[in-house]
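The values are calculated or read from the model by the stated rules, or taken from the named source; none is laboratory data. These numbers were taken from a predicted model, which means no experiment stands behind them. Glycine also receives a Cβ, built like all others from the backbone with ideal geometry; neighbour counts cover every protein chain displayed. The area values use the complete protein model at the heavy-atom level, side chains included, leaving out ligands, DNA and RNA. Shrake-Rupley method; radii C 1.70, N 1.55, O 1.52, S 1.80 Å.
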Amino acid sequence: MTDIPFSPATFGTTRGAAFDRPLIVTTLVLIAVGLVLSLAATPTITQRLDAGGAFALSIRHALFAAAGLGVIGAVAFFTPLMVRRSAFIVLIGAFVLTLMALAFAPERNGAARWLDMGPISIQPSEFLKPALVVFWAWMLAEQMRRPGFPGRTLSAATFALAAALLLMQPDVGQSALLFAIMAVMLTLSGLSARMLAALAGVTMIGPLAAYWTFPHVRARIDAFLGEPGYQVSRALEAIAAGGLFGRGPGEGVIKRQLPDAHADFVYAVAAEEFGLLASIGLIALYVAFAWRGLSRASRLIDPFSQLATAGLTALICAQAAVHIAVNTSLAPAKGMTLPFVSYGGSSMLGAALSVGFILALTRTRPGAYLYPERAS
Amino acid sequence: MKPHARVEPNAESAEGRAVEAAPARGAIRMLALCLFAAFLLLGGRAVQLALREDPLGASAAAAQPAPDIVIRADLTDRNGALLATDISGYALTAQPARVWNPRETAQRLRTLFPDLEEAALLRRLTERNRALVYLRRGLTPPQRAAVLDLGLAGIGFEEEERRVYPNGALAGHVLGFADRDLNALAGVERGLDARIRAAGETGARVRLSLDVRVQHAVEQELARAGRATRAKGGAAVVLDARTGETLALASWPALDPNFPGAASDAVRLNRAAAARFEMGSTIKPFTVAIALEERLTRPRERFDVVTPYAVSGRPIRDLHPFDAPLSLAEVLAESSNVGAAQIALRIGAARQRDYFARLGLLRASPIELPESAAPIAPMRGDPLSVAVLGYGHGMANSLISVAEAYTVFANDGARVAPTLLARDPGDAAPRTPVFSPETTHVLIGMLRGAVTHGTGEHADVPGLEIAGKTGSAEKPGAAGYDPDRMLSSFAAVFPASNPRYVIVLALDEPARTEAAGGQATGGATAAPPVGRIAARIAPLLGLRVEPRRSAQDAPGGDDL
């Protein structure tokens with residue numbers, strides 16, 4: 001890690017080229033891939049002129065991507081305090097919107113998860129996730145600094161509230177993802193062996209409870225353990241049909257067969273049309289993302305920044321991993337978007353907010369980083 | 001930096017805080033390892049899926065219902081020419097729940113398929129309680145592309161196989177046809193259904209005995225004769241009598257099996273297999289042969305055909321009166337009913353029935369056609385029945401059945417059952433002995449004489465030594481037999497010096513046309529097309545046509 005942070009040009013500055021450039025490049029490439037795939041994956045239905053032309057969804061996707069870039073550009077310049085405060089505001093807002101969604105929103109695809117706001121509809125949980133991660137980092141860091149502070153309790157309480165709201169939608173997958181991220185962050189903050197064991201216990205019980213409580217969870221897990229369902233079967237066929245080099249741009253068929261191919265099965269679309277090289281390339285991009293985020297996090301000195309960066313990186317990468325695992329039938333069916341790539345405004349803006357926070361927290365500032373052994 | 005300082009309680013050195021962050025560093029490394037391991041697993045899975053042929057695995061594939069497509073094997077003629085094949089088409093389907101605007105969808109579909117009715121389309125597009133409805137079947141790939149270009153929501157396609165007969169009407173009646181679900185309905189498709197499906201599973205073809213070149217010649221000459229005589233219909237069969245292989249089987253008017261529904265019942269009727277006719281004089285050679293075999297007559301015996309003749313009080317007449325007794329050969333050559341009736345009475349009911357059974361005339365021909373009809377043969381056994389059966393009345397047979405009986409003249413007296421499957425060279429056809437070779441030889445000579453010096457002269461082709469017998473059977477009407485409605489036929493065996501091929505042709509109710517000399521008899525209407533067919537197919541069958549052998553030097557000609 002003998003890169004930019006300690007070059008004389010950036011040392012001591014708070015602005016300018018203090019960002020992790022590989023992370024920025026990775027994010028931009030992922031967004032670009034998403035734009036290309038939106039051309040391929042948006043449903044054939046948009047070919048109708050009255051739906052706004054052949055590229056209606058692609059144009060919307062491009063607008064979301066532009067908005068996302070704006071969010072990244074703005075948030076990346078935040079100070080850690082601004083990150084904390086903005087995350088807290090987003091958290092409150094997301095909680096309120098999630099409640100409103102439960103109360104007023106129409107049910108879509110069997111879940112009350114979206115909130116219609118005029119021409120656009122938003123899915124508050126996409127914003128809830130990064131905001132919660134930053135909030136937990138704050139709470140846990142505070143407890144690390146002042147052992148008497150109930151940071152873990154507050155974290156667990158906010159998780160419980162969020163999970164309760166998500167489970168009422170019902171959105172078991174997002175709840176599980178949030179739980180996994182909280183477990184990671186609790187572990188990073190230094191849990192006692194006894195607490196770790198308790199956490200492991202909850203980790204075991206959670207899925208069982210979900211299996212017994214939610215019929216659709218049971219159906220999906222049963223399907224996963226038995227024969228793959230319709231959507232996953234189509235995805236597997238699509239990936240196999242893609243082979244090494246793919247069927248070719250626009251030649252895929254899965255986008256005609258699955259209603260949400262452009263969101264929940266965009267990985268399969270990529271693999272079908274562009275082949276193994278593209279699907280491995282996508283995985284490599286998330287690996288690069290994880291590597292940059294975590295290597296930065298590991299050298300950060302401030303516990304809040306470190307926990308938040310690691311948590312946000314884990315959030316993005318875990319979500320990507322779940323998406324790919326579902327697409328390749330390694331996990332039970334779950335509608336999880338591929339961050340930056342899938343179609344969807346909330347997903348795009350939520351991911352943009354996450355990477356904006358990461359860039360802000362990992363920005364090179366005096367005293368932010370531990371000197372690597374070699375450099376000192 | 002001021003807000004940041006609030007997080008840090010005291011201005012520690014970088015090294016001091018590093019100690020605080022150190023445990024997290026290790027944990028973050030663990031987290032990184034976990035994530036990398038997960039992505040490595042996903043990458044491996046991606047490679048596995050991309051390189052695997054069957055992504056669902058054998059068990060999953062078995063659990064998924066196989067696409068409901070029936071694969072029928074290709075049918076070819078004996079030389080490999082394609083007669084029937086499956087091609088892929090599409091069924092147009094709709095998921096009513098996903099159709100946005102049924103009225104608009106129906107209207108736009110009708111721009112491509114004006115044959116669909118808007119009201120019916122609309123009704124099906126609004127069947128909300130059904131997950132999938134079929135709108136139209138048999139779409140071609142360009143039609144499917146055109147529907148896709150409409151960009152209609154909820155409209156889809158299902159791949160389906162379609163049976164196609166690339167030669168159109170050629171051999172249409174023999175081939176038969178299958179419905180849209182490829183269920184065999186008629187012809188060889190139905191007769192060999194199990195074999196065709198079994199061959200389809202292994203990708204093999206089913207090779208028929210037909211020869212499209214012979215079939216074409218037969219169909220063309222039959223149609224020409226049918227049109228020229230303004231007949232109601234006609235049929236013809238060409239057999240390789242040695243092997244029983246059916247080289248051609250035609251029914252006129254022809255049927256295009258690609259559009260069986262467009263044809264009337266009269267056209268769909270296979271007149272060579274499903275229709276039964278009282279054949280008349282074409283049965284006479286069997287009567288003569290039975291009498292010779294049973295030594296009830298000699299070739300030189302003369303029969304009184306001049307004196308009016310009656311059996312059980314019913315007069316038996318010839319088409320034309322004769323003024324002198326006829327020899328046995330002349331009874332055949334001049335086709336005397338009176339002579340044949342006398343011979344039949346000598347044979348008697350029991351022997352007649354026995355021989356007819358051995359000739360295969362009393363059951364449906366075993367040819368692989370579901371249409372092959374059993375004869376109407378009461379075989380009452382009273383003298384009048386026996387006498388009229390002697391000249392081919394009182395029993396109605398399919399044409400293929402008569403052709404089968406004629407195989408005895410090419411096999412030294414043994415009958416060979418006809419087949420539509422090509423026979424391997426080493427595979428000998430089962431033979432049913434009926435007559436002795438001697439009897440057969442004498443009969444061939446007489447039949448040759450019937451062509452050279454008798455009613456069948458219009459069938460003669462120089463060099464082909466055609467032997468044969470005419471038939472001019474009055475058809476039964478409301479008030480007995482109707483002299484104005486005839487079934488005119490000709491049955492031929494050739495070449496007479498080494499008989500191998502059988503041609504039987506019949507015309508149903510030919511008119512008395514000037515071209516046929518004002519006659520509607522078998523000799524005037526059915527014999528000429530048989531001659532033309534023989535002349536056309538002989539080179540195809542590898543026969544040496546020797547024109548120097550004229551009509552005069554035929555064996556048996558001196559019996560006249």
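What the table shows:
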item: Degrees between helix B:437-453 axis and first principal axis of chain B (Cα, 0 to 90, nearest 10); result: 80
item: The stretch B:215-559 - percent relative contact order, Cα under 8 Å, separation 6 or more; result: 22
item: Derived scalar couplings ³J(HN,Hα) [the stretch B:300-315; Karplus, 6.51 cos²θ - 1.76 cosθ + 1.60; whole Hz; x for Gly, Pro]; result: 8, 4, 10, 10, 7, 10, 8, 5, x, 10, 9, 10, 6, x, 9, x
item: Solvent exposure of the protein assembly as shown as accessible area per residue, Å², 1.4 Å probe; result: 41
item: Residues in the stretch B:37-53 that, when all protein chains are in place, have 20 Å² or more less accessible area than the chain alone would give (probe 1.4 Å); result: B:PHE39, B:LEU42, B:GLY43, B:ARG45, B:ALA46, B:VAL47, B:LEU49, B:ALA50, B:LEU51
item: The protein assembly as shown: C-alpha pair distances exceeding 43 Å, %; result: 55
item: Crossing angle, helix B:193-202 versus chain B [Cα axis fit, 0-90 degrees, rounded to tens]; result: 40
item: Whole-number D in µm² s⁻¹ for the stretch B:173-256, Kirkwood Cα-pair radius fed into Stokes-Einstein, 4 °C, 1.567 mPa s; result: 91
item: Derived scalar couplings ³J(HN,Hα) [the stretch B:500-513; Karplus, 6.51 cos²θ - 1.76 cosθ + 1.60; whole Hz; x for Gly, Pro]; result: 9, 10, 10, 10, 10, 9, 9, 10, 8, 6, x, 8, 7, 9
item: Whole-Å semi-axes of the ellipsoid equivalent to the stretch A:123-187 (Cα gyration tensor, √5λ, descending); result: 23, 10, 10
item: Other-chain or far-sequence residues with amide H under 5 Å of B:ALA310's (modelled H); result: B:ILE316
item: Crossing angle, helix B:527-540 versus chain B [Cα axis fit, 0-90 degrees, rounded to tens]; result: 50
item: Summed buried accessible surface, chains A and B, 1.4 Å probe, nearest 100 Å²; result: 4500
item: Electrostatic dipole magnitude of the stretch B:344-428 [Cβ: Lys, Arg +1; Asp, Glu -1; Cα centre; debye, to 20]; result: 420
item: Dipole-positive endmost among B:HIS453, B:ALA527, B:PRO495 within the stretch B:380-530 (Cβ charges, Cα centre); result: B:PRO495
item: Cα-derived Rg over Rh, computed across the stretch B:215-559 with Rh taken as Kirkwood radius; result: 0.94
item: Amide H contacts of B:ARG415 (H built 1.01 Å from N, under 5 Å, at least 5 apart or other chain); result: B:THR432, B:VAL434
item: Charge dipole of the stretch B:215-559 about the Cα centre (unit charges at C-beta), most positive-ward option of B:ILE347, B:MET486, B:ALA225; result: B:ILE347
item: Distant-in-sequence amide H partners of B:GLN519 (H built 1.01 Å from N, under 5 Å); result: B:THR513
item: Charge dipole magnitude, Cβ of K and R +1, D and E -1 - the protein assembly as shown, Cα centre, debye nearest 20; result: 3240
item: Lys, Arg +1 and Asp, Glu -1 on Cβ, resulting dipole of chain B about Cα centre, debye, nearest 20; result: 1000
item: Accessible-area composition of the protein assembly as shown, carbon plus sulfur, in percent [1.4 Å probe]; result: 59
item: Burial of 30 Å² or greater, the stretch A:305-329 residues [accessible area, probe 1.4 Å, versus chain by itself]; result: A:GLN306, A:ALA321, A:THR328
item: Shielding of A:133-145 by partner chains, average beta-carbon count, 10 Å; result: 1
item: Charge context of B:GLY531, other residues only, Cβ under 13 angstrom, K/R +1, D/E -1; result: -1
item: Near-label residues of the stretch A:307-327 by backbone N, under 14 Å of a point 7 Å along Cα→Cβ of A:LEU196; result: none
item: Backbone HN-Hα couplings from phi across the stretch B:420-426 [Karplus 6.51/-1.76/1.60, Hz, Gly and Pro as x]; result: 9, 9, 5, 9, 5, x, x
